[in-house]
Amino acid sequence: MGHYVKNKKRRSRSIQQALEDAEHDHHLDSQDAEFYMRVAAFLLDSIFLFLISSTVYHSMFIFGAAEKTTVRQISPLVASVFLSVYATILFLYICWSTNRFGGTAAKLLLGLRVIDCNTGEKLGLTRVILRELVWKPIGILVGAIGLWWTVFERDGRTMHDVLSQSVVKRLDGDA
Amino acid sequence: MILLVPVRPEVPKAHRPRLWPGLLLVLITSLAFIEILPIIRHDTDYIQGIKAVTKTQIHNEDISKRVNDYLSLRPLLKIAPAKGDWDLTRVLFANFIHGNVGHLMLNLVGIFAGARICTTFVPFFITLCFFIVGGSLGLLVSLQLSSATSSFIPHVGASGGIFAMMGAFYVYNFHYRTKYFFWFPSKHGLFSLSTNWFFFFDAILLELLLSGSQLFLNHVDGVDHVAHVVGFGVGATMAILLRAIQGWPAFLQTRGEFFYWSKIERPKNYDPVMTPIETWMGLLRINPFNDLLKIKLLRLAVAHCSRLSDRQVDEIFRFLSPTFIKLHTPTATAFVAVAILKNRIVSKEWLAGTPYDSVIRIAKQLGGQPDGVVVLFRVMQEYKKAHPDNPSIQRKLELLLAKLEGVMPQSAHSTAEEPGTDDVSKFPREPSLGLSGKKARTGSE
């Protein structure tokens, strides 16, 4: 079970805000996500992204290749359009969904949420972009130091969690 | 699809598919592979021999015709069909033939999964028919549309049949959820997703693209995508026809529900409200995962809450699972609101078993409506009473109630605090939660 931290936020001005605050407090109070759960979510995300990549790749092949049969022969214009589409999908999948819903599709399916470690709110878009596109790749690529960080953190947070002031919680009622 | 394996539809434990249909079909396919292994080895050696011959006579202008003549005599064609040499028997047997161990292993996973999930809805014999008919038609169409360099390349494999079983499952479980396994060795390796859109995306969309690539761009990767797509279509079509013949309504998921439904007789003292309510509740006792039935029941219950007995109200509350509340929050909230406004007893068992997240979801729905504020306060109070020994819930609810008291209109607050009032006239007659004013449906649809 997570430890309860009464957050010092402004007084609620409406019923909806009071309920939002209650939800944030509940999320903060929930259990920290175990490392193996985060690995499971990562694996599932990889599968979803592979399906999306294959769909985009083969669509590019069909709509852009015409008579041609190799990727190298697809015109640069078609390739750049599809790459833009793919980059947009990746951004929406990884960053926008974490900002809007509190996690990627896999995290949501497994009952995990990425929240601010102090307030329990969802992260802003800038923080999500830094967390997912800067700190996480650095942590993984530089000798997986970001992952080893969990050994030293009391609540099992990784380097990108600490740097973005976030935490991944497990909501039992949601999975 | 091999990365995400559909394990079963989301059904109660008693309706879950058994292991034996999948294991039986796996056994048949494995035995068939062992039986024809010598022919496959002989065929492989024969092809290697052809390659050796064509290399030494590479400048011979008749090489294509000669290679084709050699290929027409390959051993595998005795048991497997090709575009230039096929018959119905070999097309049927091709469903059980695989070219190598890797091909067999991948298809065995699909065979086990497909046979298992299909037998939730239809008997094993019907599943076998889906497999053989769908797979055979898939192979046949693939043979005719094949544009391979030689018309003597055999088409083999169970994947057309596997996709036929998937197509049948897709039809039967279209409105419900499927449990998937993604090779993670833990109970968390299982999760549920809606069948109608994700199954299509996972199982067939990519195959449609790949078969288009195969047909129009001549991009051959050794996988018979056309057979997959045709197999899926044939399986789905057969399932639709079978359901039409059986008269299987769209709102029933499992065979248990269908058998119960088919034996129901219209009572002599038919009541257009209570008879369908009792019928839906009877079906939900068989399968409490059926969200379509819950929605039908809740709509009737909201419109006629006063006529329900305490036992019925209590049972309806217990059908409001956390997943249903998450996916159908407005419908669940409407019933909770009406029950409280009509001073019905809120099931303590339901309150004790409902997680805090679900209550917050209901509260957020209520908080967005002017009539819902009073109900919200009562829900929170009832939930607090149902968890007297949980200090965490008590603390959170006290904080929440304190915040709500600070922002709620005074009139709503004082009305909510009056306990046990029978005078419902001071409450709105119908909550404006999207259901008032709509005529209640009868159970005759």
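The values are calculated or read from the model by the stated rules, or taken from the named source; none is laboratory data. Just so you know, these numbers come straight off a predicted model, no measurement behind them. Using ideal geometry, Cβ is built from the backbone for each residue, glycine included, and neighbour counts are taken over all protein chains shown.
Identify, by number, the condition in (1) facing another protein chain (nearest Cβ under 7 Å); (2) assigned to a helix (DSSP H, G or I); (3) at pLDDT below 90 that A:Ser12 doesn't meet.
Among (1) facing another protein chain (nearest Cβ under 7 Å); (2) assigned to a helix (DSSP H, G or I); (3) at pLDDT below 90, the lone unmet condition for A:Ser12 is (2).
Between B:Tyr260, B:Tyr270, which is under 21 Å from B:Pro288 (Cβ atoms), of a type in the set (Phe, Trp, Tyr) and either surrounded by fewer than 21 Cβ atoms within 10 Å (Cβ to Cβ) or touching a Leu at 6+ places or on another chain (Cβ under 8 Å) (or both)?
B:Tyr260
How many residues are without any contact (Cβ under 8 Å) to a residue 40 or more places away in the chain and at the interface with chain A (Cβ under 7 Å from one of its Cβ atoms) when one looks only at region B:202-215?
Residues in region B:202-215 being without any contact (Cβ under 8 Å) to a residue 40 or more places away in the chain and at the interface with chain A (Cβ under 7 Å from one of its Cβ atoms): 6 in total.
Mind checking whether some residue in region A:75-92 is over 24 Å from A:Arg113 (Cβ atoms), out of contact with any Asp or Glu (no Cβ under 8 Å at 6 or more places or on another chain), within 12 Å of chain B (Cβ to nearest Cβ) and at pLDDT below 90?
Within region A:75-92, not a single residue is over 24 Å from A:Arg113 (Cβ atoms), out of contact with any Asp or Glu (no Cβ under 8 Å at 6 or more places or on another chain), within 12 Å of chain B (Cβ to nearest Cβ) and at pLDDT below 90.
In region A:19-47, what count of residues is obtained for those that are farther than 25 Å from B:Gln394 by Cβ, in contact with a helix residue (DSSP H, G or I) (Cβ under 6 Å, 6 or more places away or on another chain), facing chain B (nearest Cβ under 9 Å) and not hydrophobic (A, V, I, L, M, F, W, C)?
Residues flagged as farther than 25 Å from B:Gln394 by Cβ, in contact with a helix residue (DSSP H, G or I) (Cβ under 6 Å, 6 or more places away or on another chain), facing chain B (nearest Cβ under 9 Å) and not hydrophobic (A, V, I, L, M, F, W, C) within region A:19-47 amount to 0.
Scan region B:189-198 and tell me whether some residue there is closer than 30 Å to B:Thr331 by Cβ, in contact with a strand residue (DSSP E or B) (Cβ under 9 Å, 6 or more places away or on another chain), touching a residue at least 40 places away in the same chain (Cβ under 8 Å) and surrounded by fewer than 17 Cβ atoms within 10 Å (Cβ to Cβ). Steps first, please.
Narrowing region B:189-198 to residues closer than 30 Å to B:Thr331 by Cβ: B:190-198.
Going one step further and asking which of them are in contact with a strand residue (DSSP E or B) (Cβ under 9 Å, 6 or more places away or on another chain), we end up with B:190-195, B:198.
Adding the requirement that they be touching a residue at least 40 places away in the same chain (Cβ under 8 Å) leaves B:190, B:192, B:195.
If we keep only those that are surrounded by fewer than 17 Cβ atoms within 10 Å (Cβ to Cβ) too, we end up with B:190.
Yes, that holds for at least one residue.
Of the conditions (1) within 14 Å of chain B (Cβ to nearest Cβ); (2) part of a helix (DSSP H, G or I); (3) under 30 Å from B:Pro355 (Cα atoms), A:Val128 fails just one. Which one is it?
Going through the list (1) within 14 Å of chain B (Cβ to nearest Cβ); (2) part of a helix (DSSP H, G or I); (3) under 30 Å from B:Pro355 (Cα atoms), A:Val128 breaks only (1).
Picking from B:His175, B:His188, which residue would you name as being away from every other protein chain (no Cβ under 13 Å) and not in a strand (DSSP E or B)?
On the way: B:His188 fails: away from every other protein chain (no Cβ under 13 Å).
Being away from every other protein chain (no Cβ under 13 Å) and not in a strand (DSSP E or B) holds for just one of B:His175, B:His188, which is B:His175.
When region B:316-329 is examined, which residues are found to be part of a helix (DSSP H, G or I) and more than 19 Å from B:Ala352 (Cβ to Cβ)?
Once the filter is applied, which keeps residues that are part of a helix (DSSP H, G or I) and more than 19 Å from B:Ala352 (Cβ to Cβ), region B:316-329 yields B:Leu327, B:Thr329.
Go through region B:300-315 residue by residue and tally those that are in contact (Cβ under 8 Å) with a residue 12 or more places away in the chain and over 14 Å from B:Lys348 (Cβ atoms).
10
Looking at region B:100-138 only, could you name the residues that are among the aromatic types (Phe, Trp, Tyr), farther than 15 Å from B:Phe163 by Cα and touching a helix residue (DSSP H, G or I) at 6+ places or on another chain (Cβ under 9 Å)?
Residues satisfying the conditions are B:Phe121, B:Phe124.
Here are B:Ser147, B:Ser136, B:Ser151: which of them is of a type in the set (Ser, Thr, Tyr), outside any strand (DSSP E or B) and crowded, with 19+ Cβ neighbours inside 10 Å? Quick ask: steps written out before the conclusion?
Details: B:Ser147 fails: crowded, with 19+ Cβ neighbours inside 10 Å; B:Ser151 fails: crowded, with 19+ Cβ neighbours inside 10 Å.
Of the residues listed, the single one that is of a type in the set (Ser, Thr, Tyr), outside any strand (DSSP E or B) and crowded, with 19+ Cβ neighbours inside 10 Å is B:Ser136.
Looking only at region B:215-257, which residues are surrounded by 12 or more Cβ atoms within 10 Å (Cβ to Cβ) and not in a helix (DSSP H, G or I)?
B:Leu217, B:Asn218, B:His219, B:Val220, B:Val223, B:Asp224, B:Trp248, B:Pro249, B:Phe251, B:Leu252, B:Gln253, B:Thr254 - these are the residues of region B:215-257 that are surrounded by 12 or more Cβ atoms within 10 Å (Cβ to Cβ) and not in a helix (DSSP H, G or I).
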